1. Any idea which of 25, 74 is touching a residue at least 40 places away in the same chain (Cβ under 8 Å) and either closer than 25 Å to residue 143 by Cβ or part of a helix (DSSP H, G or I) (or both)?
2. Among the candidates 94, 67, which residue alone is free of Cβ contacts under 8 Å to residues at least 40 places away in the same chain and either part of a helix (DSSP H, G or I) or surrounded by 15 or more Cβ atoms within 10 Å (Cβ to Cβ) (or both)?
3. What tally of residues in the stretch 132-157 results from selecting those that are out of contact with any strand residue (DSSP E or B) (no Cβ under 7 Å at 6 or more places or on another chain), assigned to a loop (DSSP other than H, G, I, E, B) and either surrounded by 15 or more Cβ atoms within 10 Å (Cβ to Cβ) or modelled with pLDDT under 90 (or both)?
4. Going by the conditions given, is residue 32 surrounded by fewer than 16 Cβ atoms within 10 Å (Cβ to Cβ), in contact (Cβ under 8 Å) with a residue 40 or more places away in the chain and either in a helix (DSSP H, G or I) or over 18 Å from the mean Cα position of the chain (by Cα) (or both)?
5. Please indicate, with yes or no, whether at least one residue in the stretch 96-119 is in contact with a helix residue (DSSP H, G or I) (Cβ under 9 Å, 6 or more places away or on another chain), modelled with pLDDT of 90 or more and under 30 Å from residue 37 (Cβ atoms).
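The values are calculated or read from the model by the stated rules, or taken from the named source; none is laboratory data. None of the values given here were measured: they were computed from a predicted structure. Please note: Cβ atoms are built from the backbone with ideal geometry, for glycine as well, and neighbour counts cover all protein chains shown.
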């Protein structure tokens, strides 16, 4: 429902009231200042909108797998997108007597129900930095995180400055 990018971005929060807070609040996880030689980036294949709930689910999954397999100080996860775009929904009443309560499509601007990040094809969503011995753990963590996102994803590796596909 919210996957496709339609219309202009709706992100000026100072003009709207009642926008729900973003579920994702930590964008850097793990050993932030660690020196890790391998960088793996999760990139999106198709342009879409990623809801803040999906980003949080991907963060939890990626962090859980890396903590289990690599330990708490052997990785750094960075989220490269932020859910700016506010999503609206015109909620309609259902059930008995709903026709007397709801106004249908009259004044159907909608209420804010959440936020989303608008991403383009090939844009980096998550970056994981790890030592060489934990590359397989990072690949598995990013694969599991990609299952939580609404579009197919792929990974790109960088070791010591050169990009490896």
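1. Working: 25 fails: touching a residue at least 40 places away in the same chain (Cβ under 8 Å).
Criteria check complete, one pass: 74.
2. 67 is the lone residue from the list that is free of Cβ contacts under 8 Å to residues at least 40 places away in the same chain and either part of a helix (DSSP H, G or I) or surrounded by 15 or more Cβ atoms within 10 Å (Cβ to Cβ) (or both).
3. Total satisfying the criteria: 1.
4. Taking the combined requirement at face value, the residue satisfies it.
5. Yes, that holds for at least one residue.
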